[in-house]
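Report on one structure; see the data block that follows.
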Amino acid sequence: MKIQLENKEVIDDNSTEQIAMVLLARFGLLPRKKDANAKIHKLLLEIYERKKKANRERAPEAAVVPVDEMGVFAGISRQTMYEYLHRWLDLAILKKTTFVSNGKVITGYELNGQNLEGAFRKAETVIKNHLDYSFKLVDKLQNEIKKEKIIETITSRKEGPLHQQDSASPEPREKTPQASETPNCPHNASQ
């Protein structure tokens, strides 16, 4: 999962399309390529309208949008829509749904909540969980750094005196002759 949040603001234009584009940008759901022409904001508005209609009519299948239709609303191919879709699913804004209609199994995606706020609250939870885990990693990293420093200090203290002793110790002396080996020794003379 790659979460890429942007700091965008609504500028004077309070149209639903402008606000939808800013919202999608802030959650990293807009196309990332400069020359991309996907109109993802139109797709978001359509998915929301379908969810409202499904809630109003108590017909949950009305909220489901197949990938082909999603691509049409966004102005992109089905394959390209799949590439964008994984980000929506990673943030839990959309959920995959399967239902039976006229004897056919239809698979599509719908807003993961009763409304836009509910769906984006799911994204908030995903992002918070990601941040919580990241801060656990920060704590773990700090603890590991401390452990390594302590181990390094202990190891250098253990090695330090040995190295000092080795360098301070005198060179081994030459073998001194034993009394029995020395010819002029009075001890040998008595033998």
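A few notes on this one:
- Residue match in the range 97-117 (condition: in a helix (DSSP H, G or I), of a type in the set (D, E, K, R) and out of contact with any His (no Cβ under 9 Å at 6 or more places or on another chain)): yes
- When residues in the range 1-60 are screened for being outside any loop (DSSP other than H, G, I, E, B) and polar (S, T, N, Q), 3 of them pass.
- Residue in the range 64-84 that is in a strand (DSSP E or B), over 28 Å from the mean Cα position of the chain (by Cα), without any contact (Cβ under 8 Å) to a residue 60 or more places away in the chain and buried (at least 18 other Cβ atoms within 10 Å of the Cβ) present: yes
- Residue check for residue 122: modelled with pLDDT of 95 or more, within 26 Å of residue 40 (Cα to Cα) and not in a strand (DSSP E or B): yes
- First in the range 24-51 and at positive phi, second anywhere and surrounded by fewer than 17 Cβ atoms within 10 Å (Cβ to Cβ) and of a type outside the set (Val, Ile, Thr), Cβ under 9 Å, 6 or more apart: 28/2; 28/4; 28/5; 28/6
- Set side by side, the residues 2, 8, 33 differ, and just one is under 29 Å from the mean Cα position of the chain (by Cα), over 19 Å from residue 123 (Cα atoms) and surrounded by fewer than 16 Cβ atoms within 10 Å (Cβ to Cβ), which is 33.
The values are calculated or read from the model by the stated rules, or taken from the named source; none is laboratory data. Given the structure is predicted, the values throughout are model-derived calculations rather than measurements. Note that we place each Cβ from the backbone using ideal geometry, even for glycine, and neighbour counts take in every protein chain shown.
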